[in-house]
Amino acid sequence: MTTVSPFRHVAYPVRVFAGDDALSNLSAAVRRTGAVRPFVVCGQSIANRTDLLDRVTEALGEKPAGIFDGVQAGSPVPSVMQGAAMAQEAGADLIIAVGGGSAVVTARAIIIMLAEGGHPRDHATKYPEGRPPVSPRLMAPKIPNILVLTTPTTAATRAGTAVIDADTGHRLEMFDPKTRPAAVIWDSDALLTAPGDLCISASGSLFSGVISALQAPRVNAMAAADLLSALGLLVENIPLVRKTDDGSARVNLCVASFMYNRAWDTGASGSALGVVSALAHSLDTRYPDCDHGAAYSITTGPGMKFNRDFNAAGQARVADALGVRERGDSDQDAADSAAAAVTGFFEAVGMPVRLRDVGVPAEGIPQIAEDALIDFGLHRNVRPVNGAEELEAVLRSAW
């Protein structure tokens, strides 16, 4: 008699509006929350190089209660605190994030600070030596948020919020499911405002995440269905971003990001490649010229090689999904093919696969490795990591 490992799917209420003129749904989405003083959070590029703020105002039917256009890459704490102060002064009862991952994360951090007060450091995950990480429970009620996305970011429907501590250069990770959005808008014209390279970068980190979740030691059928569908959308649509000004490819990439996050809500895990997320977080935090997607395109293949002997079967599953497993291959051989195929895909879509290509000097490797040791993802890696020296070896293989 076979046994079936138990799993569960936990959904939360979110409305998704997608396609041409999807932004016209914004006013109804705001009214549905009961909010009357929406506050917009975006970056300078959105504010000064696109017409999105005008379109948001038109869709709302009136001017928002305020606009914070100081979002910065990586969501550093000073910009978050500035945005929170402006939102508080405006009496904001809802945040509309307009942009990509940094706008989404900054908006969530602002919401947390409005409710919890203090400094993000007070609410961040703690790493007591020799013990598992501890995430404080953030119990204060949170105002709602709505997302108008310009890139297919994995941050969109997550409960975690990571900001950069300007004093230490480290990430501060806060967790609160109440900050998930009430509505997400994938407006094709809004998505087309992002440069092609930025869209591909965001999709590249998503590709890495899907590859990671697919090779987890245990993947239930429901999560696997979402992950395999997401992988198909990514492989088909990422190469189209530079070839067409049709927004459909970008909407499809947003669908892939949503399915990936839904798989997490069904039990998908990042344990198979926790080493990659830890290194990528450290890399793009320390080196601003290395964007989020590049951090993953550089570290995913080497991270798979690092974990290979601890998860050959999981990586062979990726080889099967990518169609690169040869007949008669052992799991170990298939794992090698999967790692090579992943790196090859990143190269094919024009993403960097070497640290030197994003301006990281060889002497910077030890600091990246040290930073990664206190990243939450590392504690979930399928292979135990025994010190910074092992991480340095992974990074040197990618230099």
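List of remarks:
- Amide H contacts of Ala162 (H built 1.01 Å from N, in plane; Pro and chain starts excluded): Met174 sit under 5 Å, all sequence-distant by 5 or more or on other chains.
- Spacing of the two label points (7 Å from each Cα toward its C-beta) at Ser135 and Arg327, in nm: 4.6
- Paramagnetic reach from Ser397 in region 311-338 [backbone N under 18 Å; point 7 Å along Cα→Cβ]: 311-319, 331-338
- Shape of region 275-399, Cα gyration tensor, a/c cut at 1.5: oblate
- Backbone amide hydrogens, once placed in the peptide plane, bring Gly43 within less than 5 Å of Val71, excluding anything fewer than 5 places away on its chain.
- Backbone HN-Hα couplings from phi across region 358-372 [Karplus 6.51/-1.76/1.60, Hz, Gly and Pro as x]: 10, x, 8, x, 4, 6, x, 4, x, 5, 4, 5, 4, 4, 5
- Using a Förster distance of 35 Å, the FRET efficiency for Asp309-Lys243 (Cβ separation, nearest 0.05): 0.35
- Lys/Arg +1, Asp/Glu -1 at C-beta; region 86-149 dipole; positive extreme among Ala92, Met139, Pro128: Pro128
- For region 275-285, Karplus couplings with θ = phi - 60° (6.51, -1.76, 1.60), whole Hz, Gly/Pro x: 5, 5, 4, 5, 5, 5, 4, 5, 5, 6, 6
- Helix axis angle, 388-397 relative to the chain longest principal axis, alpha carbon, degrees: 80
- About the centre of its Cα atoms, the chain shows a dipole size close to 1040 debye [charges on the beta carbon of Lys, Arg (+1) and Asp, Glu (-1) only; nearest 20 debye].
- Restricting region 316-347 to trypsin sites (Lys or Arg not before Pro) that sit in a DSSP loop and have at most 15 other Cβ atoms within 10 Å of their own Cβ leaves Arg327.
- Centre separation in Å (Cα based) which lies between region 310-388 and region 178-213: 22
- Degrees separating the helix 292-307 axis from the principal Cα axis of the chain, which is the longest one: 30
- Using alpha-carbon coordinates, inclination of helix 331-348 to the longest axis of the chain, degrees: 40
- Each Cα pair under 8 Å and six or more residues apart adds its sequence gap; the mean of these over the residue count of the chain is a relative contact order of 15 percent.
- Extended-chain gain in nm, criterion 0.36 nm per residue less alpha-carbon gap, Ala348 and Ala166: 62.0 nm
- Estimated FRET transfer efficiency when R0 is 41 angstrom, pair Arg356-Asp21 (beta carbons, to 0.05): 0.40
- Coupling constants for region 196-207 follow from the phi torsions by the Karplus curve (6.51 cos²θ - 1.76 cosθ + 1.60, θ = phi - 60°), and in residue order they are x, 4, 5, 5, 5, 4, 4, 5, x, 5, 5, 4 Hz; glycine and proline get x.
- Centroid-to-centroid separation of region 262-295 and region 89-144 [C-alpha atoms, Å]: 19
- Longest exposed-site-free window of the chain, the sites being GluC sites (Glu not before Pro) in a DSSP loop that have at most 16 other C-beta atoms within 10 Å: 130-325
- Neighbour-limited loop hits for trypsin sites (Lys or Arg not before Pro), region 90-144 (at most 13 other Cβ within 10 Å; DSSP other than H, G, I, E, B): Arg137
- Residues listed by number, region 1-20, amide nitrogen under 17 Å from Ala221 label point at 7 Å toward C-beta: 1-9
- Förster radius 25 Å - calculated FRET efficiency between Leu373 and Ala85, Cβ distance, rounded to 0.05: 0.15
- Its relative contact order, with pairs defined as Cα atoms under 8 Å and 6+ residues apart, puts region 112-235 at 23 percent.
- Region 307-382: relative contact order as a whole-number percent, Cα under 8 Å and 6+ apart: 25
Each value in this text was obtained by applying a stated rule to the coordinates, not by laboratory testing. All values reported here derive from a predicted model rather than from experimental measurement. Please note: Cβ atoms are built from the backbone with ideal geometry, for glycine as well, and neighbour counts cover all protein chains shown.
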